[in-house]
Amino acid sequence: MVASLLAVVPAYNEEESLGALLRDLRAKVPNAELLVVDDGSVDATAAVARAHGARVLSHPHNLGYGVAVQTGLLYALRRGFDTVVHVDGDGQHDPADVPRLLAALDAGADVAVGSRFLVRGYPSPLLRRLGSRMFAALASLIVGQRITDPTSGFRAMRGPVLSLYASESYPPDYPDADLLILTHRHGFRICEVAVEMQPRRGGEAKLHRGLRPIYYVIKMVLSILVILLRRAPERSAVRHAA
Amino acid sequence: MPPRIQLIAVALSFLLFVYVFELVRRRRLDIEYSLGWLVASAVIFVLSVSRKLLAVITSLVGATLFTSTLFFFGLMFLIAICLHFSVRISALSNQVRRLSQELALRREEEDPRGCCGCGERLN
């Protein structure tokens, strides 16, 4: 395997936007191998991905965003990739930002997170922004560095941190403050990189409807608490294990 | 304890015991899961047959009614078994998740171009 950079695109029923995204990725990040994790789509997501020269992993049923991303990591580990970048299949993330995420890794970060809030505000509903701010503040406090966008799925990572994310410790639904705190607890360096994000097409994500936000806040607090209460791993041991 | 409720409690716990046993015999219930039910029905059976024992335990627990003692133990058992199920379900969902990931990876290994897998889903 010559290519050591894997671009993982989790996609659930994204046949419409996936083609353009993959073309764009190919153009902006020519050295990356493309992997689409088809999370149980019922449309032609997998076929579109193959037509654009991407490798495809198909979940037998819908398992959720975090699991899809993790399946991509398992693939990366087995095939010996040492750097992985996640780009959402719905076109929210601009492949043109990928080189800057990779540059942050070259500068010594283990995880580079694309943040939409570092430069200027990103239009989002008030309640969501409030929750987002709260967890960003909490994460900043615990991690000990400024975290502006904990929910960003636009991330690049390199080295031993891949094994951590492929393990049972990885939170199975959406990445959030808990993931960053987990990363920090294991002694990995996080770096935020300013990126532009396109607002989601097709209205609000399912995550923000009805009682969901309340459930989500409680779950996140619990998740962070549990991560903090687990015995901290030997930092050096984890970092140099892989 | 009034004789009528005693009769009902004895009958129900006996039926439960026999039914759980029968389920295990027909292999529709694993022994692992049957133990809790068998013990619970046996305890309720013994408590409702023996008034003296029930009286002792009732005063020990501090309940005023015999029936409360029975309900109390029944409730405790239900809580315990629900918790046990939650733990099992968590373990099972983790296993299903890992298996699905493994399946996706294996399928790609065997058939990277997706020639034979198109449109064929497990659900």
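The values are calculated or read from the model by the stated rules, or taken from the named source; none is laboratory data. Predicted, not measured: the structure shown is a model, and the values here were computed from it. Cβ: placed from backbone, ideal geometry, glycine included. Neighbour counts: every protein chain shown.
Note on segment A:39-49: among residues that are within 23 Å of B:Arg98 (Cα to Cα), of a type in the set (Gly, Ala, Ser) and at the interface with another protein chain (Cβ under 9 Å from one of its Cβ atoms), the one that is surrounded by the fewest Cβ atoms within 10 Å (Cβ to Cβ) is A:Gly40. Taking segment B:65-115 as the range and being over 30 Å from A:Leu57 (Cα atoms) and in contact with an Asp or Glu (Cβ under 8 Å, 6 or more places away or on another chain) as the test, no residue passes. In contact (Cβ under 8 Å) with a residue 24 or more places away in the chain, closer than 30 Å to A:Leu211 by Cα and within 14 Å of chain B (Cβ to nearest Cβ): does that describe A:Val69? Criteria met by A:Val69. Screening A:Val113 against (1) in a helix (DSSP H, G or I); (2) surrounded by 22 or more Cβ atoms within 10 Å (Cβ to Cβ); (3) more than 10 Å from chain B (Cβ to nearest Cβ); (4) out of contact with any Leu (no Cβ under 6 Å at 6 or more places or on another chain) leaves a single unmet condition, (1). Scanning segment A:50-66 for residues that are in contact with a strand residue (DSSP E or B) (Cβ under 8 Å, 6 or more places away or on another chain) and more than 9 Å from chain B (Cβ to nearest Cβ) yields a count of 4.
The set of residues from segment A:1-49 being in contact with a strand residue (DSSP E or B) (Cβ under 6 Å, 6 or more places away or on another chain), within 14 Å of A:Pro95 (Cα to Cα) and charged (D, E, K, R) comprises just one member, A:Glu33.
Restricting A:Leu138, A:Leu180, A:Leu105, A:Leu127 to residues that are of a type outside the set (Gly, Ala, Ser), assigned to a helix (DSSP H, G or I) and more than 28 Å from A:Arg212 (Cα to Cα) narrows the list to A:Leu105. Of all residue pairs spaced 6 or more apart or on separate chains, those with beta-carbon atoms under 6 Å, a first member in segment A:153-168 that is aromatic (Phe, Trp, Tyr) and a second member that is part of a strand (DSSP E or B) are A:Phe154/A:His93; A:Phe154/A:Gly114. Residue count for segment B:30-42 under the criterion of being closer than 15 Å to B:Leu15 by Cβ and of a type in the set (A, V, I, L, M): the result is 3. When segment A:144-175 is limited to residues that are of a type in the set (Gly, Ala, Ser) and closer than 23 Å to A:Met197 by Cα, the one that is nearest to the chain's Cα centre (by Cα) turns out to be A:Gly153.
Quick one: which residue in B:Leu53, B:Leu92, B:Leu29 is over 30 Å from A:Ala166 (Cα atoms) and in a helix (DSSP H, G or I)? Residue meeting the stated conditions: B:Leu53.
The single condition among (1) more than 13 Å from chain B (Cβ to nearest Cβ); (2) of a type outside the set (A, V, I, L, M); (3) touching a residue at least 12 places away in the same chain (Cβ under 8 Å); (4) farther than 18 Å from A:Gly114 by Cα that A:Asp24 does not meet is (4). I'd like the full set of residues that are more than 9 Å from chain B (Cβ to nearest Cβ) and buried (at least 19 other Cβ atoms within 10 Å of the Cβ), limited to segment A:72-90. The answer is A:Gly72, A:Leu73, A:Ala76, A:Phe81, A:Thr83, A:Val84, A:Val85, A:His86, A:Val87, A:Asp88, A:Gly89, A:Asp90. Inspect segment A:155-174 for any residue being at pLDDT below 95, assigned to a loop (DSSP other than H, G, I, E, B), crowded, with 19+ Cβ neighbours inside 10 Å and more than 14 Å from chain B (Cβ to nearest Cβ) and give the result as yes or no. There is no residue in segment A:155-174 that is at pLDDT below 95, assigned to a loop (DSSP other than H, G, I, E, B), crowded, with 19+ Cβ neighbours inside 10 Å and more than 14 Å from chain B (Cβ to nearest Cβ).
Filter segment A:7-20 for residues that are more than 22 Å from A:Pro60 (Cβ to Cβ) and touching a helix residue (DSSP H, G or I) at 6+ places or on another chain (Cβ under 7 Å) and give the result.
At the first step, the residues of segment A:7-20 found to be more than 22 Å from A:Pro60 (Cβ to Cβ) are A:7, A:16-17, A:19-20.
Within segment A:7-20, A:Ala7, A:Gly19 qualify.
Note on segment B:56-70: residues that are assigned to a helix (DSSP H, G or I) and either surrounded by fewer than 12 Cβ atoms within 10 Å (Cβ to Cβ) or without any contact (Cβ under 8 Å) to a residue 40 or more places away in the chain (or both) amount to 8.
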